[in-house]
Amino acid sequence: MQTDRATAQTGDEALCAFAATLRWEDIPDHVRHEAKRSLVNIFATALAGCREPAVDIMLETSAAYSGPATSTVIGRTERMDAPTAAFVNAMGANIFDFDDTHEATIIHPASVVFAPIFARAEASPFSGIDALRAFVIGGEVVCRVGLSVSPYHYSHGWHITSTCGGFGAAAASGALLGLDAAQMTSAFATAAAQSSGLVDALGTMAKSASVGGAARNGLIAADLASRGFSGPARPLTGARGYLAVYGQGAKPEALGDDLGHRWEIADNAFKPYPVGVVLNPVLDACLEVYRDEEVRAGDVASVELTGHPLLRQRTDRPDIATGREAQVSAQHAIAIVLARGRAGLAEFTDAAVAETAASGRPQVRFHDEAGRDVASAVVTLRLKDGRILTREIHAARGSRTNPLSDSELEAKLTTLAEGVGFAGEVDRLLEALWTLDDLADAGDVVRLAAGG
């Protein structure tokens, strides 16, 4: 692939040409490995979320409108048409906020990209190399679009995974269909026209619906483009295109700069806790004082948090009532971790929320530091006995500078699969994911993730 030509192209042209022409040989080994790590992680979180009430409701509602049942719903016995399977698998994978994070944008790339790929894998079979190549393309596209509208887009209230996710889903699906650059532009145009998702929906089922919608809409956008469906020639950088409408101070150069040489999809981080990524350093600090200082929730008078502004904007939620809201509540997270000494899925359920509502959540004061990394925070606990304990976490566990190992990601998948009573063979699923590029049929992977 000739990426040097990007300098003479608009951002739309560069990104669409990249999505249409990237070859397997163009992808460095370390990027391929990071893509596999992303897939191990996203299948783990898809299994974790597969039986949540939101998924039940979506499947029950969709059944009346679905086409031929070609595709697996991960962790379940139901099969659905490809667009619906993409929708449901994406929402299930993202539902606990336990999926991957591109730290520069706070996008969760894998959920919206893997779902249409593996929904297609059973409807129209293709190889594991094709699947992994499409995953890299889709992940890179969604991150590049996110960079071009950051930081305004997310801070203004758009749910960036949902709003940018359709481009990644369209790029991945288009790559599998063999769309050329012009057709890919049309797919991006249709994805842009369907972009939606609001931060206000965080902590509710509606957030998951917008993530699922991005995966489904991108899949359909690519199908439409393959049949001649068209749109504006510059859906991203046009005078009233995506960047102008959804961004402020947008950076169109981010779409094509060093494309094919600098890989945003290889900068993904993977969470050890099922919370908004900005809470990870807070939980690290709380677990540390629980273990080392034997501090318990009842010992705490108040808490001060110093972090990236998103820490306050997303997690200052003292009066929550549900497990979904708990994932973005600093007050609950601190209280439950200091009560139980752990931060797994069980700590972010309706029952756990009822526990902290009854026992009390600490008063929390937030201090914004605009230049601070989202993976870092200073946590100061003022105890009832007069002591003041301060912990600064410079790189939260699971961040890009303190990443989870391959074996920790495997353990995450195993633990989350066990948590939902998954009856499949976890070892075989892990082997298939790590050796995806050796498989003749990528559908083998998702069939191993079906419910028994």
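The values are calculated or read from the model by the stated rules, or taken from the named source; none is laboratory data. Just so it is clear, the structure is predicted and the values come from calculations on it, not from any experiment. A quick note on method: Cβ atoms are made from the backbone with ideal geometry, for glycine too, and the neighbour counts reach across all protein chains shown. Side chains are part of the model used for accessible areas, which takes the heavy atoms of the whole protein and leaves out ligands, DNA and RNA. Shrake-Rupley method; radii C 1.70, N 1.55, O 1.52, S 1.80 Å.
The relative contact order of region 300-452 comes to 24 percent, based on Cα pairs under 8 Å that sit 6 or more residues apart. Extension gain for the segment ARG23 to ALA351, taken as residue separation times 0.36 nm less the Cα-Cα distance, is 113.2 nm to one decimal.
Residue separation of ARG365 and ASP427 scaled by 0.36 nm, minus their Cα-Cα distance, works out to 17.8 nm of gained length.
Just grab the label-to-label distance for GLU408 and SER230, each label 7 Å out from Cα along the Cβ direction, in nm (one decimal). The two pseudo-label positions are separated by 5.1 nm. Think of each Lys and Arg Cβ as +1 and each Asp and Glu Cβ as -1; about the Cα centre, that makes the dipole of region 1-151 roughly 240 debye.
Computed from phi, the 3J(HN,Hα) profile of region 122-127 under the Karplus parametrisation 6.51, -1.76, 1.60 (θ = phi - 60°) reads 8, 6, 9, x, 8, 7 Hz, with x in place of Gly and Pro. Report the calculated FRET efficiency for GLN194 and GLU293 (r = Cβ-Cβ distance, R0 = 41 Å), to the nearest 0.05. After rounding, the FRET efficiency stands at 0.25.
How much mean residue ellipticity at 222 nm does the chain get from its helices, if each DSSP H run of length 4 or more adds -39500 (n - 2.57) and you divide by all residues, to the nearest 500 deg cm²/dmol? Estimated from H runs of four or more residues: -15500 deg cm²/dmol.
Seen through its C-alpha gyration tensor, with square-root eigenvalues sorted a ≥ b ≥ c, region 142-299 comes out prolate because a/c lies at 1.5 or above while a/b is bigger than b/c.
For the chain, what does the alpha-carbon gyration tensor say about shape, rounded, prolate or oblate, given a ≥ b ≥ c as the root eigenvalues, a/c under 1.5 as rounded, and a/b over b/c as prolate? Verdict is prolate for the chain. Helix 29-49 and the longest principal axis of the C-alpha atoms of the chain enclose an angle of approximately 60°. Between 0 and 90 degrees, the angle of helix 160-177 with respect to the longest Cα principal axis of the chain falls at about 30 degrees. Computed about the Cα centre, the dipole magnitude for region 255-386 is approximately 340 debye when only Lys and Arg (+1) and Asp and Glu (-1) carry charge, each at its Cβ.
Selection among CYS50, ALA63, ALA35 by position relative to the dipole of region 34-78 gives ALA35 as farthest towards the positive end (Cβ unit charges, Cα centre). Taking every DSSP beta bridge that has both ends in the chain, the antiparallel portion is near 75%. Within the accessible area of the chain, the carbon and sulfur atoms contribute 50%, probe 1.4 Å, all protein chains present. Axis of helix 128-149 versus longest Cα principal axis of the chain: the two differ by about 70°, to the nearest ten degrees. Here each label is just a point 7 Å from Cα along the line to Cβ, and for ARG342 and ARG447 those points are 3.6 nm apart.
Per residue, the average separation of C-alpha pairs within less than 8 Å and at least 6 apart gives the chain a relative contact order of 21 percent.
Think of each Lys and Arg Cβ as +1 and each Asp and Glu Cβ as -1; about the Cα centre, that makes the dipole of the chain roughly 880 debye. For region 131-216, relative contact order (Cα pairs under 8 Å, six or more residues apart, normalised by length) works out to 36 percent.
Rounded if a/c is under 1.5, else prolate if a/b is larger than b/c, else oblate: which is region 178-260, with a ≥ b ≥ c the root eigenvalues of its Cα gyration tensor? Taking the square roots of the gyration eigenvalues as a ≥ b ≥ c, region 178-260 is oblate. Dipole of the chain computed with +1 at Lys/Arg Cβ and -1 at Asp/Glu Cβ about the Cα centre; of ALA269, LEU383, GLY212, farthest Cα towards the positive end is LEU383.
Loop-resident trypsin sites (Lys or Arg not before Pro) (DSSP state other than H, G, I, E or B) in region 223-287 with no more than 15 further Cβ atoms inside 10 Å of their Cβ: ARG227, ARG240.
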